Amino acid sequence: MKYLDEFSNPDLAQRLLERIHEATTRPWAIMEVCGGQTHSIIRHGIDQLLPPEIEMIHGPGCPVCVTPLEIIDKALEIAARPGVIFCSFGDMLRVPGSSSDLFRIKSAGGDVRVVYSPLDALKLARENPDQQVVFFGIGFETTAPANAMTVYQARRLGIANFSLLVSHVLVPPAIAAIMESPTCRVQAFLAAGHVCSVMGTREYPPLAERYRVPIVVTGFEPLDILEGIRRTVLQLESGRHEVENAYPRAVASEGNAAAMTMLQDVFEVTDRSWRGIGEIPGSGWRLSAKYRDFDAEQRFDVASIHTEESSICRSGEVLQGLIKPHECQAFGRECTPRNPLGATMVSSEGACAAYYLYRRLELVETGHA
Ligand code: SF4
């Protein structure tokens, strides 16, 4: 296949679905790790076409959703300061902090700018030497190489008025944390293909072995997801727990060597808090000692800000696959994409937003929302 729309071919999808139905004999709970996969599953109604025995559990892989409230509050504090140009991707602007968001800071006079690449922020820093330019560097292993490259370039070019507010998180420790949870129901994982395109697959065999779960690296188009589910079900039904790559057009088992070298130079592993979930040991990156001068938390002295999560929002349970979004009492009532209480309702990859966009009318008709 050459073109992306071929990965939505309905005849091929039907054939894959038939194979999944033929292979399924018992109930199985499969978690798709990535929010992009969640959106594809809900948007195309894939979960509704699967055998009733298969439950898709939506995982924590939405970078906006898991960025902790505390980091959002630190971003707001920095962005409100005079002399600061605060740069971010657009999807962070409406994520609620404790009492505000970046849009409101901007409307109150803060210089908040949407950029399409961290290198755009670096360019702004060069063009505005008398301003401090900060880039909000969030996300999984996928977005980290570009952020690492930007800090590397800032140091190489001597651009001292640039800094990075870092909140990078890592998928394998999150899979371990999910499996260690006493309430875990997950029996297999669809791993996030784009994360593996950077990091490869070498971190997954020890997890598959330790927790005896199949892990199938999966893409994002409907056929990718159906093929990932088909392979997962075959493993579950035959009692295997292996790592398989169902996304070979983008993922090589060894990953992207140049990106990983850059990451190792600029970042070091640290404990990270995940919004709604809490701290997961060794689950994030921070700037390494060599690049610590570019750490916005230190430069603006906001490291001491600590924040409590909202008591209404159940996004932590959503992110761990313990409840579906519509099981939150606030879904579609107090909490909507226009007035989000949690990041999972804001983000384009958030599970609450996916259910609101693609399932709300159906849920209202059946009395579930
Ligand atoms: S519906 Fe809103 S309040 Fe409920 S879990 Fe989702 S984001 Fe939080």
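The values are calculated or read from the model by the stated rules, or taken from the named source; none is laboratory data. A quick note: this is a predicted structure, and the numbers were derived from the prediction, not measured. Positions of Cβ are generated from backbone atoms using ideal geometry, with glycine treated the same way; all protein chains shown enter the neighbour counts. Quick note on the areas: whole protein, heavy atoms, side chains included, nothing else; ligands and nucleic acids left out. Shrake-Rupley method; radii C 1.70, N 1.55, O 1.52, S 1.80 Å.
Shown in residue order for the range 18-27 are the 3J(HN,Hα) couplings computed by the Karplus curve 6.51 cos²θ - 1.76 cosθ + 1.60 at θ = phi - 60°: 4, 5, 5, 4, 5, 7, 8, 10, 9, x Hz (x for Gly and Pro).
Apolar share of the accessible surface for the range 46-205: 54 percent from carbon plus sulfur atoms, 1.4 Å probe. For K74, the solvent-accessible surface with a 1.4 Å probe is about 10 Å², rounded to the nearest 10. Largest to smallest in accessible area, the residues R314, R19 fall in the order R19, R314 (1.4 Å probe, all protein chains included). Seen against the Cα atoms of the chain and their longest principal axis, helix 118-127 is set at about 10 degrees. By the Cβ distance rule (another cysteine Cβ under 4.7 Å), the unpaired cysteines of the chain are C34, C87, C184, C196, C313, C328, C335, C352. In the range 126-177, inverting the average of 1/r over every pair of distinct C-alpha atoms gives 12.3 Å as the Kirkwood radius.
Suppose we take every Cα in the range 193-275 and form the convex hull; what volume per residue is that in Å³?
On the way: hull volume 10.5 nm³, N = 83.
Enclosed volume per residue, from the Cα hull, is 126 Å³.
Given R0 = 41 Å, the distance between the Cβ atoms of S99 and A258 translates into a calculated FRET efficiency of 0.45. Sorting the Cα pairs of the range 47-104 by distance into bins of 5 Å, from 0 upward, gives 4, 16, 23, 17, 9, 7, 7, 8, 5, 3, 2, 0 percent per bin.
Leaving out ligands and nucleic acids, note down the accessible area per residue over the chain with a 1.4 angstrom probe, in whole Å².
Details: 16060 Å² over 369 residues.
Per residue, the chain has 44 Å² of solvent-accessible surface.
In the range 1-57, what chymotrypsin sites (Phe, Trp or Tyr not before Pro) fall in a loop by DSSP, with at most 10 other Cβ atoms inside 10 Å? Write out the running numbers ahead of the final one.
Values: sites: Y3, F7, W28; in loops: Y3.
Loop-located and lightly packed - Y3.
What does the extension gain come out to for Q329 and E53, with contour length at 0.36 nm per residue minus their alpha carbon separation?
Values: separation 276, 0.36 × 276 = 99.36 nm, distance 2.63 nm.
Result: 96.7 nm gained on full extension.
Modelled spin labels at M179 and A289, positioned 7 Å past Cα toward Cβ, are 3.3 nm from each other.
When the square roots of the Cα gyration tensor eigenvalues are ordered a ≥ b ≥ c, the ratio a/c for the range 230-347 is 1.5 or more and a/b does not exceed b/c, which makes its shape oblate.
At a 1.4 Å probe radius, carbon and sulfur cover how many percent of the accessible area of the range 310-369?
Details: 1480 of 3000 Å².
In the range 310-369, the share of accessible area belonging to carbon and sulfur is 49 percent.
For the chain, dividing the convex hull volume of the Cα atoms by the residue count gives 141 Å³ per residue.
Across the range 267-369, the mean sequence separation of Cα contacts (distance under 8 Å, 6 or more residues apart), normalised by length, yields a relative contact order of 18 percent.
From the helices alone, meaning DSSP H stretches of at least four residues, give me the mean residue ellipticity at 222 nm for the chain, per-run term -39500 (n - 2.57), in deg cm²/dmol to the nearest 500.
Details: 17 runs with 152 residues, N = 369.
Calculated mean residue ellipticity at 222 nm is -11500 deg cm²/dmol.
Legend: Rg and Dmax of the range 1-144, from Cα coordinates, 21.1, 66 Å.
Would you please give the FRET efficiency between R81 and Y116, computed as 1/(1 + (r/R0)^6) with r the Cβ-Cβ distance and R0 = 22 Å, to the nearest 0.05? The partial results should precede the final answer.
Values: r = 24 Å, r/R0 = 1.09.
For R81 and Y116, the calculated efficiency is 0.40.
Checking every one of the trypsin sites (Lys or Arg not before Pro) in the range 172-221 against DSSP loop status and a limit of 15 other Cβ atoms within 10 Å picks out R185, R202, R212.
Among the GluC sites (Glu not before Pro) within the range 283-336, which fall in a DSSP loop and have no more than 14 other Cβ atoms within 10 Å of their own Cβ?
Working: sites: E297, E308, E309, E317, E327, E334; in loops: E308, E309, E334.
Passing sites in the range 283-336 are E308, E334.
For the chain, the relative contact order comes to 22 percent (Cα pairs under 8 Å, sequence separation of at least 6).
Normalising by the residue count of the range 26-105, find the relative contact order in percent from Cα pairs under 8 Å and 6+ residues apart. List each step's numbers first, then the result.
Numbers: 82 pairs, mean separation 21.6, N = 80.
Contact order relative to length: 27 percent.
Among the protein heavy atoms, those of M199 account for about 20 Å² of accessible surface (1.4 Å probe, every chain in place). Extension gain, S310-E365: 0.36 nm per intervening residue step, less the Cα-Cα distance, totals 16.9 nm.
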